[in-house]
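Before any comments, here is the structure.
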Amino acid sequence: MIRVRFHGRGGQGIKTASQILGNAAFLSGFQAQDFPLYGAERRGAPIVAFTRFSPDPILERGPVFLPDLLLVGDASLLNDSQAAPLCGADESTLIFVNSPQDRDTLENQYSFPSTPIIDDLTGRCLKHIKREHIFSTALAAAGARILGTIELSHLNQAVEMELASELDASTLQSNLALVEEIFRSVSPRPLVERAAQTLKPTSLIQVQQGQVSEAAPIILAPGNMALRKTGKWRVVRPKIDYEHCNKCLICYARCPDGTIGIDADGSPQIDYDHCKGCMICAQECPGHFIQTIRESEVVDESS
Ligand code: SF4
Ligand code: SF4
């Protein structure tokens with residue numbers, strides 16, 4: 001059996017990635033499971049999803065604690081103790097990280113139990129589908145390619161099954177071109193077959209359960225939103241073009257996290273400690289005066 005765990009952020013298509021991989025495995029003749037595990041449902045918040053597939057009936061249920069393949073869709077999660085994407089991975093786990101950084105830089109920053117495979121999927125998504133936030137197709141393709149057990153034709157079919165009803169024909173073709181590029185660029189890696197796992201809870205996202213009336217992730221203190229530096233969630237950041245901004249303040253009103261303030265001059269000011277990079281402000285600015293900048297290309301942190 002092959003057990004895959006996906007880590008990403010709400011809105012990046014992580015659940016869809018697990019479904020695409022599960023469907024592609026099924027089309028390749030395997031039995032398959034795929035499912036997500038949500039914490040707080042919030043765009044940008046860490047989420048986890050899982051795919052298992054096997055030539056035999058799958059009797060395991062529940063989260064994958066010891067993954068054969070770990071796909072980290074957003075390298076900023078490596079810094080996040082609540083997401084803990086490396087939790088449970090060991091020296092036999094194949095680890096993939098979406099990052100524009102090179103392997104040496106990442107290995108100097110984080111303690112990986114096995115040598116990670118690094119690829120800038122965000123850059124590939126920008127090139128093909130012009131969207132920096134949606135990794136579903138790219139992450140599923142990277143996973144399928146690394147495992148080497150799924151044919152490109154089956155992956156393409158799975159992408160069409162998941163996305164054809166949501167995308168226009170041209171965007172669907174762009175996703176298929178993205179898949180093909182990843183299949184050409186990423187190499188298959190040998191997998192260590194594991195015995196059946198003993199399922200035991202680890203520190204991976206423990207959602208507290210209580211009475212139905214209170215069965216939700218617990219907020220331990222009121223007014224604590226500012227303590228969570230959601231600026232670490234960003235893949236991209238908004239940058240206001242003050243030469244053209246007419247101070248209409250629509251961005252201020254539409255930011256879902258209240259991270260745009262107003263200065264004494266009446267101009268919008270972004271709080272980068274808490275802006276999570278959802279780019280709703282850029283979509284809403286009537287004059288398109290908010291640029292999208294990749295975090296990896298930011299030179300001056302203060303702007
Ligand atoms: S400032 Fe813009 S990108 Fe940042 S959280 Fe608000 S709407 Fe999203
Ligand atoms: S929506 Fe655009 S024009 Fe209006 S205040 Fe924001 S940046 Fe300026």
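Coordinate-derived values only; no laboratory data. In this text, all values refer to a predicted model and were calculated from it rather than measured experimentally. Neighbour counts run over all protein chains shown; Cβ positions are idealised from the backbone, glycine included.
Summary of computed values
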{"item": "Value of [θ]222 nm, deg cm²/dmol, for the chain, DSSP H segments ≥ 4, -39500 (n - 2.57) each, nearest 500", "result": "-7500 deg cm²/dmol"}
{"item": "Ordering of 78-87, 261-270 by burial proxy (mean other Cβ atoms within 10 Å per residue, highest first)", "result": "78-87, 261-270"}
{"item": "Segment 227-297 - Kirkwood radius from inverse mean 1/r over Cα pairs (Å)", "result": "12.1 Å"}
{"item": "Spin-label pair I293/Q157, simplified geometry with 7 Å Cα→Cβ offset, distance in nm", "result": "4.7 nm"}
{"item": "Label-point separation in nm, T105 to E166, each point 7 Å along Cα→Cβ", "result": "3.0 nm"}
{"item": "Alpha carbon centroid spacing (whole Å) that separates segment 268-303 from segment 234-255", "result": "7 Å"}
{"item": "K229 paired with I250, simple spin-label distance in nm, labels 7 Å along Cα-to-beta-carbon", "result": "3.3 nm"}
{"item": "Dipole of the chain, positive end: most advanced residue of F26, L78, P57 [Cβ charges, Cα centre]", "result": "P57"}
{"item": "Centre separation in Å (Cα based) which lies between segment 171-193 and segment 14-29", "result": "13 Å"}
{"item": "Protection proxy ranking of 64-74, 118-128 - average other beta-carbon atoms within 10 Å, highest first", "result": "64-74, 118-128"}
{"item": "Cβ-defined net charge surrounding P46, 9 Å radius [Lys, Arg +1; Asp, Glu -1]", "result": "-1"}
